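Since the structure comes first, as structure tokens, the remarks are kept for the end.
What follows is calculated from the coordinates using simple rules that are stated; it is not laboratory data. Note that the coordinates shown come from a computational prediction; the quantities given were computed from them, not determined experimentally. Because the Cβ atoms are built from the backbone with ideal geometry, glycine has one as well, and the counts that use them run over all protein chains shown.
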Amino acid sequence: MVPLQAYLTLAAFIFSCGLYGALARRNAIAMLMAVELMLNAVNINLVAFWRYGPNRDDLAGQTFAIFVIAVAAAEVAVGLALIIAIYRSRKTVYLDEIDLLQG
Amino acid sequence: MPELPVEIPIPTPHQAVFIMVAVATGVASLLVVTNRNLFYSALCLVGALFGVAGVYVLLEAEFLAITQVLVYVGAIATLITFAIMLTRGIMFGVTSPNNRYMFAVMSMALLVFLLVAGVVDRVPWAVAEDLTLSGDGKSMIVDLGWEFVTTYALPLELIGLLLLIALVGAVMLARDDE
Amino acid sequence: MAEWYQVLMTALVGAGVPEWIATAVALLAGVTAIGLVAPLIALILVWLLRKVISRIQDRIGPNRVGRFGLLQTIADIVKLLSKEGINPSRADFMAYNLAPILSVFGVLLLFAVVPVTRGLIGVDINVGVLYIVALGSIGIMAALMAGWGSNNKYALLSGFRVVAQLLSYEIPLVLSMLAVVLYAGTMRFGELAEQQGNFLGLGWYVFLMPGAALIFFVCALAESEQTPFDLLEAESELIAGFHIEYSGMRFAMFFLAQFLGGFVFAWVGAAMFLGGWQGPGVDLPGIGGFLAAGYMMIKTFAIYLLMIWVRGTFPRLRVDQMMSFCWKILVPLTVGLISWQMVVQVLELPTPVIAVLVLVGNLLVMGIGLYAVGRAIRQEGFRTKRAFTPDSLIGTMQPVAE
Amino acid sequence: MNPIFDLTWLVPLPPAVACALIILVTNRNKSLSSVIAIAGVAVSLVIGWAVAFSAFVDHDLAHHPVNATLFSIPTGLTDIDVGYALDPANALMLFMVPFLLVMIFVYARGYMTFPHHLKAADFPEAHAEGKDPRYSRFMAYISLFAVGMLGLVTSNNLITFFVFWEIMGLCSYLLIGFWFEKESAKKAAFKAFVTTRIGDALLFIGMMVLYIVSEPSSLSFADLFSEDNLYELGRTYANLGFREVTWVSIITFLILCGTIGKSAQFPLHVWLPDAMEGPTPVSAMIHAATMVSAGVFLLIRMYPLFDRALHLTSTSTYLVAGVGAFTALFAATIAMAQWDVKRVLAYSTISQLGYMVAALGIGAYVAALFHLLTHAFFKALLFLGSGSVIHGMEHGHEHAHAHGHDSGADEHASGLIQRPDGSLDPNDPQDMRNMGGLLRKMPVTGWTFIIGGLALSGFPIITAGFWSKDEILAVAFEENSLVFLALAIAAFCTAFYTMRQMALTFFNRGRTEAADHASESTRSMTLPLILISFFAITLGWIGIPAAFPVLGPIGNNWLGHFLEPFMEVIHIHVLHPEFNVVPLLVSVAVALGGLGLGWLVYGKGLPPGETDPMYRAMGPIWQIFHRKYFVDELYDATVVRLSNFVSSFCASIDARWIIDPLVNLVGKAGVWLSALAAAADHLLVDGLVNLTANFMRWCGGVLTHLQDGKVQAYLVIAMMVLGIWVVLVGMPIVLTLV
């Protein structure tokens, strides 16, 4: 049997990748993808804890994973729509060029 | 057979499959954030998401795995690819794909990984003794369904509402005003 | 797990093979079987298509290579494989080359869950129906990659169209399948087939849910990119669609994927609506299993022939018609159908009453759907326009009065 | 109970709907508007007659009158139950009112042609259509008027009664002044409004007193007329300073004031003749079916109080009888000396209303109601007939001028002819001196008018007016000989002036071109005349006294039998006048005598230019009659002038002497203070504010570099802060787990 730690470590790795991508990539779409990675890492943890936890009849882990997926779908839809809208008006998707809020 | 100083365990088929899936997923997700070509990033993301679905299968959450494929690969990845194609005009450029915090962030991410991995390794997780699942997969799906319409009925409705609002909002945002 | 797997495992382990090797061998055997059988089926399908379409169009069709032109497809394959594989310059190498593989891969994966007979299913997973839908998205990705990777405007446009069409029609498809799943209470194909076994193996869901079956059929046509939804290769608009730049082997793979896609949807339809392997006499000892497999194949090919018939007779839709048909007719209808069925089933009525109510809902949906389509057709005005009315024809044939 | 009675509350509804519909939707389409208005009252007629005839055959209704609540309006201590009532009294009204309304509406549809005082150029469309420019508005107004009357009749309490009463007051104002381009119409409307307001105000005070003193406090008729309450009202006294009076007397007096205003009794009768300025259908409505009847109906409704007062102190009922009898005689004499065809009828109305009031004053409840019904029919007939005559005259006038007599448009202003018996406008289509011989030109109008006239004068046996008037006289003969005398003389006068009017209008030869060229009116105007004239004859037969020779046993006094049980229920003393041949003979004598005298005097006609023969005979007395006893002049000299003086005095105080200068002073002081404040504001406050703002701007300039608008920079900062937190706080906690 694969130990729980293996899943958690994998999730931590994916999460770190996502963290790096979300903070370092200039392209907004890339950042969004990185965020997806982070969400997936979390999901792995949720499911792993469900599988290895003491009470597997309690399906909270899976339920939450599904909620996360649904929220991710909503987030991507709105996020991408925003990016497209910004691209249309400003001709850029680079996050460090999108600084209308700069004082 | 001479005693080795460190015992290298022979992986079971299950573990072998996990190692393959995990390595593939990890590499794919690393590629997602490092690839210069955004389109390849998206392809790698698809790969990584498939990998995660595989992880779910290994965790015997088939329904979740299929949902993962359905939603992530079928919808989210497609959307992202679409967005990449729509903004392709500025995808290839001489400028760096990463911003000026790149190295700081890289070290930070590394730190986070090491920290979490260390903690994960050290914490004595309260893992159940018997890891076999009771009942077959179908009963689990039925249970999941019940959970959704009983315990999590309100969150489910809210999620539905959220999706609807997100869809409408996305359409409104992305619509060409002409 | 399916029975064949157990049989094989038992045999291997009994022969003294270590368990994990036995597992690997058994799995590999299944995979190989699917990977080999599917292309073979495709050969038959292509021949069948060309022959039937020819008959519909008052032609003879392939008749030179082999008896009845049976070997024509093989000859074509040989030709395609021997052709040069061209890489367009400035094409995206990875996307371009990965796309055909992925498309075949996506279709072949589907064969893993469809049943042949009782106990002869690749894997009878408990989310089989959902699996079919989920794996369909690989085809979308493949088309998108091909469109993008070819570095060709038409290909890209076609890729966009594929995504729009497949994503849109996925919704009524899922919902129409959900109608069956709701009634049967399972997503396992094996169980679905078992549940249609009453009335001498004729308790097919198509009799109970004609509306869902019809919608499923229409969506299957769209999902497998067939006429009248073959917009992605509308020659007059897009030259050839997303595989415009492909040649040789890679083109053959797209070709294969498309045929198998249609076929696998026919198969799924047969399994879900036409009772799968069920039929009179499948429980007989000895010949029962063969009979069942025969039934399954006959039903699948029947649906596929229906698809070919549609292909040979229907005109192609415009892209806006295609989208509005999906979103304005199919989606509301299926949502209504599902809602109706949910309400009916929650009411805890006796089973015959539920069946009758479900049938009534389906007939209603069918009626509304056909009426809406008819009205749309009348509005679009693409009825056959005669160049002259019969009256004028008669007029021309009248002798001129002196 | 008959379920049809539940429909009673629906009766006022259709005209209300019609009114709203006309105003909101169809006001552009004149013809459609009139159809809607007629349809509205027609529906009311159907429902109303259904209810009324059901009531007539329901013997139980008298003992258990319908009193139902639709909804309640909560007030401080009690609820006002708004609902509907149905009893024999208002069932009779429901028979009469909707029918006459329908007749009048149909008549109005034809009558409201393009009026003569307007210029065609101002309203080209309306002129082309041949209809009044405000035709639709007229239909809406009369519909609302119908709502008022029908609602008033079906009300079950005094407060809604009063509401509908006031709706009618409003409508009468709007309709009398409908042709407000005419100065006289404007003034008449104003006069009617103000005059009736006096009565209404007193009535309202009466209502308030009634509400306060009755136990329980209520305005519902059912509560008011309970035996206990009537007994209490008659027993308790109010101290008026000089003497103590029972409450019932005060209340009945105040209610009588309301009636005096509404039913144009002396001394508030002055508005009614002027109300002739409105279109003729309006006159018919006001005089016959609705408004003035409402005043009498108020008395009928509140009669239990009067009856109680009659048997306690008699003061206020003597007052009632006195006012009524005096008005009857007073108005009848005036009517003898009028020239305007409608004005004669107006004074006749006042006189007849006086009959009814007098009848109520002497306790003849049934007779008053009877006369109210018959009078409504024949007076409506007369008014509509006179309208038809006027219309015919106008038509004749136009006709005459179109053929050879065209001497230009300014002939209209050709001036008045001064005559000793009143000035004469030769073009006036309403002046009887311009008429004559119209019976041949307008046979339908003529004959129906004669039927109405005979009914009014009480022509024996065959007319409705005879029976009702006779019953009043019979009671009066028993109860009060003074009243009897006054009413008998008034009856004589009535017959006289009716004959005068008929003779001058219809007989002999035409005295002007217009009269010679007059023509019959349209079908929609003559049809109502015919229909109403049927009732003007037959309606009297419902109340033939049982003791009357020959006819009595046949008719058997249906009306009396119908009403008397109900009167007992509401505690009214029922009179059973002994059949006495004296009043009957008197009644026949005065009617025939008046008619005969009238024929003698006016039967030969009035040659053009010749003065009235009565003027020649009576001289100054006739002149007093003609000038209406100078009441208007008296009011002008006293009330109007006084109020004008007070008003101008108050205006001076306001505008010139005290208030305006004070206000201006305050204003100027305010301006000066503001200037001071502005200076302080500008120098002191602005300076401080600007200082603060500049400081803030400087601070912002410093801090702006922290906020570069780049989302990832924020995220990095957030992560770093989180990292610091983890290292300082989170890690130790995690490490404890390890």
Inset, instruction - First obtain the Kirkwood hydrodynamic radius of the protein assembly as shown from its Cα pairs, then insert it into the Stokes-Einstein equation at 25 °C and 0.890 mPa s, and state the resulting D in µm² per second as a whole number. - result: 58 µm²/s
Inset, instruction - Partner chain Cβ atoms within 10 Å, averaged over the residues of B:22-33 - can you pull that number for me? - result: 6
Legend entry - Global geometry of segment B:11-90, whether rounded, prolate or oblate, following the gyration tensor of its Cα atoms and the 1.5 cut on a/c: oblate
Legend entry - Value at 222 nm in deg cm²/dmol, rounded to 500, when DSSP H runs of n ≥ 4 in chain D each add -39,500 (n - 2.57): -21500 deg cm²/dmol
Inset, instruction - Take the Cα gyration tensor of chain D, multiply each eigenvalue by 5, square-root it, and list the three semi-axes largest first, rounded to whole angstrom. - result: 62, 36, 29
Legend entry - Residue among B:VAL17, B:ILE141, B:ALA28 farthest towards the positive dipole end of chain B, charges placed on Cβ: B:ALA28
Legend entry - Unit charges on C-beta of K, R, D, E only; dipole of the protein assembly as shown, Debye: 3540 debye
Legend entry - Neighbour-count order for C:SER89, D:SER249, D:SER423, fewest beta carbons within 10 angstrom listed first: C:SER89, D:SER423, D:SER249
Inset, instruction - Let me know the shape class of chain C, please: from the alpha-carbon gyration tensor, a ≥ b ≥ c as square roots of the eigenvalues, rounded when a/c is under 1.5, otherwise prolate if a/b is greater than b/c, or oblate. - result: oblate
Inset, instruction - Would you order D:GLU513, D:GLU244 from fewest to most other beta-carbon atoms within 10 Å of each residue's own beta-carbon? - result: D:GLU244, D:GLU513
Inset, instruction - Please state the charge dipole magnitude for chain D, taken about the Cα centre, from unit charges on C-beta atoms (+1 on K and R, -1 on D and E), reported in debye and rounded to the nearest 20. - result: 1140 debye
Legend entry - Amide H contacts of D:ASN157 (H built 1.01 Å from N, under 5 Å, at least 5 apart or other chain): D:GLY83, D:PHE221
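In whole percent, what relative contact order does chain C give with Cα contacts below 8 Å and a gap of six or more residues?
19 percent
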Inset, instruction - Scan around D:ASP340 for amide H atoms under 5 Å from its own, H built in the peptide plane at 1.01 Å from N, and keep only partners 5 or more places away or cross-chain. - result: D:MET432
Inset, instruction - Would you count, across chain C, every pair of lysines whose alpha carbons are under 30 angstrom apart, provided the pair is eight or more residues apart or spans two chains? - result: 8
Inset, instruction - Would you mind checking the pairs D:LYS30/D:LYS628; D:LYS187/D:LYS469; D:LYS30/D:LYS187 and listing those with alpha carbons more than 29 angstrom apart? - result: D:LYS30/D:LYS628; D:LYS187/D:LYS469
Inset, instruction - For each of D:THR196, C:THR10, D:THR113, count neighbouring Cβ atoms within 10 Å of the residue's Cβ, then give the residues from fewest to most. - result: C:THR10, D:THR113, D:THR196
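Count, for each residue of C:95-104, the Cβ atoms from other chains sitting within 10 Å of its Cβ, then give me the mean as a whole number.
1
Under 1.5 on a/c is rounded, so check that first for segment D:169-211, then, if it is not, pick prolate when a/b is larger than b/c and oblate when it is not; a ≥ b ≥ c are the square roots of the alpha carbon gyration tensor eigenvalues.
prolate
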Inset, instruction - Would you work out the relative contact order for chain D, in percent, from Cα pairs under 8 angstrom that are 6 or more residues apart? - result: 11 percent
